[in-house]
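Nothing in this text is a laboratory measurement; each read-out follows from the coordinates by a stated rule. For clarity, every value in this text was computed on a predicted model and none was experimentally measured. Reconstructed Cβ throughout: ideal geometry from the backbone, glycine too, with neighbour counts over all protein chains shown.
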Amino acid sequence: MSGHSKWATTHRQKEAKDAKRGAIFTKLAAQIAVAVREGGGVGDPDKNFRLRLVMDKAREFNMPKDNISRAIEKGMGTAGGEALVNVTYEGFVPGGAAVMIETVTDNKARTVQLVRNVMENGGGTLGGSGAVSYLFIPLGELVMDTEGKNAEQAELDAIDAGVNDFEADGLKLILYCDRDKIFLLKEAMEKKGYRVESAELVMKPEVLVEVTDPDVRGKVENLLEKIEELDDVSKVWTNYAG
């Protein structure tokens, strides 16, 4: 259950790659709208846990309240405009590692063409639905700061709180749980005195793929970065481990 991981290199979306705050806000607004729509049009984060997760992320980036409100209204269908949908694409990057690309779009034909072009130009291949998803497990993930805490005690506390798995990465402890238990786990760890840095839904790779050729690693890193920069892309999951 324990042990060091390649989390810092495989978790592509922990730190924003966008140079402009506006680009970050645009992506977050789209994610908020989709969370509302997929939650049955419920705009109350206390009754829509997916919305609550995205709103927490928006607050991390100091997204203005007005922007959040407009995004919620769009998801509820009260702000007009084209309906946004969540579409995930699957494929392989150079070296054979798998990649799952989550997008939020109002035009699926445009988005799939953009993703396909970037993948092919970067030496990757786009597959059909189910091509690589079986290599990942849908889970809830909490990143917890353990600085100043006893590492072994932190792991025991996490086990007592009901985690499915955990990984140590320096002064951070990454906890995994069933998706619908993510806020229960967050509250349990905070009550024990730990600082939870983030909580989100992830696709955790079951097996990591290491690429030893430095030239191929460079191509993979460049391709993943270009994918992340696409406006319609919200998250990128990969089992590439460098």
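What are the residues whose amide H is under 5 Å from the amide H of G127, where those residues sit 5 or more places off or on another chain and H is modelled from the backbone?
Amide H neighbours of G127, under 5 Å, 5+ apart: E90, G91, F92.
Can you tell me the dipole magnitude for region 120-242 around its Cα centre, using point charges on the Cβ only (Lys, Arg +1; Asp, Glu -1), in Debye to the nearest 20?
That gives a dipole near 240 debye.
Which listed residue (L156, I174, S198) has the Cα farthest towards the positive end of the charge dipole for region 136-205, taking +1 on Lys and Arg C-beta and -1 on Asp and Glu C-beta about the Cα centre?
S198
So what is the relative contact order for region 136-205, in percent, with contacts set as C-alpha pairs under 8 Å and at least six apart?
Computed over region 136-205, the figure is 51 percent.
Restricting attention to region 88-195, which GluC sites (Glu not before Pro) occupy a DSSP loop and are surrounded by at most 11 other Cβ atoms within 10 Å? It would help to have the intermediate numbers written out before the result.
Numbers: sites: E90, E102, E120, E141, E147, E152, E155, E167, E187, E190; in loops: E147.
Those satisfying the criteria are E147.
Going by a ≥ b ≥ c, the root eigenvalues of the Cα gyration tensor, does region 127-238 fall in the rounded group (a/c under 1.5), the prolate group (a/b larger than b/c) or the oblate group?
prolate
Specify which residue in the list V36, I24, L53 is farthest towards the positive end of the charge dipole of region 21-76, using unit charges on the beta carbon of Lys, Arg (+1) and Asp, Glu (-1), about the Cα centre.
Among V36, I24, L53, the one farthest towards the positive end of the dipole of region 21-76 is I24.
Treating the beta-carbon of each Lys and Arg as +1 and of each Asp and Glu as -1, no other charges, what is the dipole magnitude of the chain about its Cα centre, to the nearest 20 debye?
Using only the charged Cβ atoms, the result is roughly 660 debye.
Would you look at the GNM of the chain, springs on alpha carbons closer than 10 Å, and say which of V220, V54, V207 moves the most?
V207
Which whole DSSP H helices in the chain pass both tests: a Cα extent of 24 Å or more along the axis and a mean Kyte-Doolittle value no lower than 0.5?
21-38
Take the Cβ-Cβ distance between T88 and K226 as r, set R0 to 22 Å, and report the resulting FRET efficiency rounded to the nearest 0.05.
Once rounded, the FRET efficiency stands at 0.80.
Relative to the Cα centre, what is the charge dipole magnitude of region 136-205, using +1 at the beta carbon of each Lys and Arg, -1 at the beta carbon of each Asp and Glu, and rounding to the nearest 20 debye?
In debye, rounded to 20, region 136-205 gives about 140.
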